[in-house]
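Taking it in order: structure first as structure tokens, then the write-up.
The values are calculated or read from the model by the stated rules, or taken from the named source; none is laboratory data. What you see is a predicted model; the values in this text were computed from it and never measured. Ideal geometry is used to build each Cβ from the backbone, glycine not excepted, and the neighbour counts take in all protein chains shown. The accessibility values were calculated without ligands, DNA or RNA, using every heavy atom of the protein model including side chains. Shrake-Rupley method; radii C 1.70, N 1.55, O 1.52, S 1.80 Å.
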Amino acid sequence: MKLLFGVLATGGLASWFAINSYRPLDQTLAYALLGVTLLAGVAVLGWAAKYDNADDSDSYAPKPRYIAVSSVLWLFALAVFLNALLDRSAPAQHPTTVVSKREGTFGQSVTVNSWRQGRRVESIPVDSRIYPKLPESGSIVVSVKPGLLGIPWVSGFEHVYRLNLRNK
């Protein structure tokens, strides 16, 4: 059973790496899904280790249902990687305005006016290499790809420079 806990934990790390490498547009939802799945997996495997002694076989192999529980986060990581790596579509360019930039405990993010229906702002986590290059306020273009599996992900940012030319 300890091996299954290890598989679950490394699957959680692989999922975290996948989410940080190919940032889904709704990254907060992805992290919430990761956390809930990790806690549920630990609860199921913990319960199994303590109470599920009714094994009729002479095998030391864990039951398939517990193998499935410990593998769910690996499948989640694989889905996030494949969604981005095999996505050959052109990115949609969304011109928007930066509302704020924020550095927090878990990384940096930029908040922009939303281009999606029913949303006022989008909080998009950004890589530490990109964060200093984004303006504190002003216009940017957010590139979003739809993803092979239908999970939209942020593929890039562009700073929009406006020239202030006066005609005399």
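What to note about this one:
- Per residue value of the accessible surface for region 1-154 (all protein chains in place, 1.4 Å probe), Å²: 61 Å²
- Stretch gain in nm, segment MET1-SER100, where the contour uses 0.36 nm per residue and the Cα spacing is subtracted: 31.0 nm
- All lysines inside 30 Å of LYS50 as judged from Cα atoms, apart from same-chain residues fewer than 8 positions distant: LYS2, LYS63
- Were the residues from ASP127 through LEU148 laid out at 0.36 nm apart, the gain over their Cα-Cα distance would be 5.3 nm.
- Estimated FRET transfer efficiency (LEU85, SER139; beta-carbon r; R0 22 Å; 0.05): 0.15
- Structure-derived Cα Rg over 2.2 N^0.38 Å: which label, when the choices are (1) 0.96; (2) 1.38; (3) 1.27: (2)
- Working ranking of peptides 147-154, 104-111 by packing, defined as the average number of other Cβ atoms within 10 Å per residue, highest first, is 147-154, 104-111.
- Considering helices alone, the calculated mean residue ellipticity of the chain at 222 nm is -14000 deg cm²/dmol, with DSSP H runs of length four and up weighted by -39500 (n - 2.57) and normalised per residue.
- A simple rule links phi to the HN-Hα coupling: the Karplus curve 6.51 cos²θ - 1.76 cosθ + 1.60 with θ = phi - 60°, which for region 117-128 gives 5, x, 10, 8, 9, 10, 9, 10, x, 10, 5, 5 Hz, with x for Gly and Pro.
- The portion of the accessible surface of the chain made up by carbon and sulfur, rounded to a whole percent, is 61 (1.4 Å probe; DNA, RNA and ligands excluded).
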